[in-house]
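Inspection log for the structure reproduced underneath, given as structure tokens.
We did not get these values from a lab; they are worked out from the coordinates using the rules stated. Given the structure is predicted, the values throughout are model-derived calculations rather than measurements. Positions of Cβ are backbone-derived with ideal geometry, glycine not excepted, and every protein chain shown enters the neighbour counts.
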Amino acid sequence: MTAAPAVTSPLRLEGISKRFGAVTAIQRFDLEVAPGEIVALVGDNGAGKSTLVKIISGVYQPTEGEIWLSGERAEFSDPSDARDKGVEVVYQDLALVDLQPVYMNLFLGRELTRGPLKVLDRARMARETQALVDDLDIRIPSAKAQLSDLSGGQRQGIAIARATHWASGLVLMDEPTAALGVAETAKVEETILRLKERGAAVLIVSHNMEQVFRIADRVTVLRRGTQVGTRAVADTTHNELVAMITGLAS
Ligand SMILES: Nc1ncnc2c1ncn2[C@@H]1O[C@H](COP(=O)(O)OP(=O)(O)OP(=O)(O)O)[C@@H](O)[C@H]1O
Ligand SMILES: [Mg+2]
């Protein structure tokens, strides 16, 4: 007798493949990410990590395979379709607007309005933004501060807050700390751990092995588009992961 799964995974990938002409970028990739779980996706340059994130976020359609979100089959026509279905992505290069306040960045493209004339409801957006950044312990001067006045770490914190606010349980991150210094990276990692506490499923691409060991529960390795293995972080070592990434025995 097999027990029914206790929870439906926010993300399940089954046999995902992607070919660009003659190039096979991803070959039969499988993964399930549970609520409150952080899974790291690692691999060398060109291994297919970003391609996979782009498939889950509707930038590319898979050549083969299925995406399931919270138990429902998902097919995305484009990134805004994926966003509408609750998939949010945080990138290394921030998709934020410098000359706007923090709260406008949080509601970018989804601004709250009031009245028949649809006037921007700035007060409400600022209030909701402040509550969210407080909840995630992202320290910024104010939700009304201009984005360009924030540090790189604070800005990435805002990008993560935005993704969290709009995601329905799944947040994808493609090297979210690659452009940050040590202290800023630590702060962003704290924010990522907050998402986990709140029950979000997080799939994070990282080149930083120490980061993987600091924050991830499991790690899955891609080598030239092939998924060479998945490990619980507690059951693997730096050396084993490097051997899997490079294909050289440790
Ligand atoms: N739009 C595309 N057209 C053709 N080939 C592509 C396209 N996008 C990605 N590729 C190829 O797919 C492979 C995987 O690329 P991808 O960007 O996913 O790697 P990555 O693991 O994110 O690498 P990095 O660590 O450098 O960011 C590469 O060989 C790349 O050249
Ligand atoms: Mg990449």
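General observations
- Summarising the amide proton neighbourhood of Gln100: residues at separation of 5 or more, or on other chains, whose placed amide H is nearer than 5 Å comprise Leu147, Ser148.
- When Val228, Val182 are arranged by Cβ crowding within 10 Å, least crowded first, meaning fewest neighbours, the order is Val182, Val228.
- Mean ellipticity per residue at 222 nm, deg cm²/dmol - from DSSP H runs of n ≥ 4 across the chain, formula -39500 (n - 2.57): -9500 deg cm²/dmol
- Modelled this way, with points 7 Å down the Cα-to-C-beta line, the labels at Ser151 and Asp30 are 4.4 nm from one another.
- Neighbourhood net charge (9 Å Cβ-Cβ; Lys/Arg +1, Asp/Glu -1) for Gly43: +2
- Remark: spin-label model distance Glu72-Arg19 equals 3.2 nm, labels positioned 7 Å along the Cα→Cβ axis.
- Residue order, fewest to most beta carbons within 10 Å, for Ile138, Ile55: Ile138, Ile55
- Relative contact order [Cα under 8 Å, 6+ residues apart], the chain, whole percent: 27 percent
- Estimated dipole of the chain in Debye, rounded to 20 [Cβ of Lys and Arg +1, of Asp and Glu -1, Cα centre]: 380 debye
- Cα-based Lys pair tally, the chain, threshold under 16 Å, eight or more apart or on separate chains: 4
- Positive-end residue, the chain charge dipole about Cα centroid, Cβ charges, pick of Leu136, Leu108, Gly152: Leu108
- Which of Leu31, Leu108 has the fewest Cβ neighbours within 10 Å, and the rest in rising order: Leu108, Leu31
- Highest-first arrangement of 139-151, 114-126, 42-54, where packing means the average Cβ count within 10 Å: 42-54, 139-151, 114-126
- Calculated FRET value between Val242 and Thr113, using beta carbons and R₀ = 51 Å, to 0.05: 0.50
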